[in-house]
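Visitor: The structure under discussion is supplied below as structure tokens; questions concerning it will follow.
The values are calculated or read from the model by the stated rules, or taken from the named source; none is laboratory data. Note that the structure is a prediction, hence the values are computed from the model and not measured. Virtual Cβ from ideal backbone geometry, glycine too; neighbours counted across all protein chains shown. Heavy atoms of the whole protein, side chains included, go into the accessibility calculation; ligands, DNA and RNA do not. Shrake-Rupley method; radii C 1.70, N 1.55, O 1.52, S 1.80 Å.
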Amino acid sequence: MAENLVHSFLDIFGGLSNMPFGKEMIIFIISMFPILELRGGLIAASLLNMNPVTSFIICFIGNLIPIPFILWFITPLFDKLKKTKRLSKLVNKIENKAKSKKDQIEKREFWGLLLFVGIPLPGTGAWTGSLIASMIGMNKKKSLLAAILGVTLAGIIMMILSFGLLKGIIN
């Protein structure tokens, strides 16, 4: 699924790749998006034949940018959006999806969040992990540190997969 989404993004933003720093902008943007995050950015970087270390740094920064905003502002934003007719159903759906995964984090808090963000499985990642941490009232600073370390772990795993296994399969 992630690879199909990455290919869709590459089709949309493919024209940027010819610009100076175009490939870097593509993977940065992909890394900021929910669902794809750093994982999708590194897959895209591999497909764009980019340098692995440079790609990791760009994707890492792109994936980190939304985390503080989610941790500190998502709950008040959701509370306001639930009061609107148009967005209340969407917000409730997102919250319910996050709540269905909260047990994985709630029991172990810091380590649970770190592993939830760090192990690249469908439905996990910095966006969802930060949302759950915010919803269950985890300490914001500990949540931020756990998410950063989780993104680092996910990045290492995805570097091995994207630039190792995926490159081997493609070539």
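Visitor: Which members of the range 45-77 meet the condition of being closer than 16 Å to Ile157 by Cβ and in contact (Cβ under 8 Å) with a residue 24 or more places away in the chain?
Guide: Ala45, Ser46, Pro52, Ser55, Phe56, Cys59, Phe60, Asn63
Visitor: Which one of Ile35, Ile57 is farther than 19 Å from Thr124 by Cα, among the β-branched types (Val, Ile, Thr) and either at pLDDT 95 or above or within 15 Å of the chain's Cα centre (by Cα) (or both)?
Guide: Residue meeting the stated conditions: Ile57.
Visitor: Is it the case that the range 78-86 has a residue that's open to solvent by less than 60 Å² (accessible area, probe 1.4 Å), outside any helix (DSSP H, G or I) and without any contact (Cβ under 8 Å) to a residue 60 or more places away in the chain?
Guide: Yes: one or more hits.
Visitor: Just checking, which of Ala126, Ala133, Ala154, Ala147 is in contact (Cβ under 8 Å) with a residue 60 or more places away in the chain, within 16 Å of the chain's Cα centre (by Cα) and either more than 20 Å from Arg39 (Cα to Cα) or surrounded by fewer than 16 Cβ atoms within 10 Å (Cβ to Cβ) (or both)?
Guide: Being in contact (Cβ under 8 Å) with a residue 60 or more places away in the chain, within 16 Å of the chain's Cα centre (by Cα) and either more than 20 Å from Arg39 (Cα to Cα) or surrounded by fewer than 16 Cβ atoms within 10 Å (Cβ to Cβ) (or both) holds for just one of Ala126, Ala133, Ala154, Ala147, which is Ala133.
Visitor: Next up: So which residues in the range 23-41 are in a helix (DSSP H, G or I) and open to solvent by 10 Å² or more (accessible area, probe 1.4 Å), if there are any at all?
Guide: Result: Lys23, Glu24, Met25, Phe28, Ile29, Met32, Arg39.
Visitor: Can I ask one more? List the number of the failed condition for Met50; all other conditions in (1) within 13 Å of the chain's Cα centre (by Cα); (2) open to solvent by 10 Å² or more (accessible area, probe 1.4 Å); (3) modelled with pLDDT of 70 or more hold.
Guide: For Met50, the failing item is (1).
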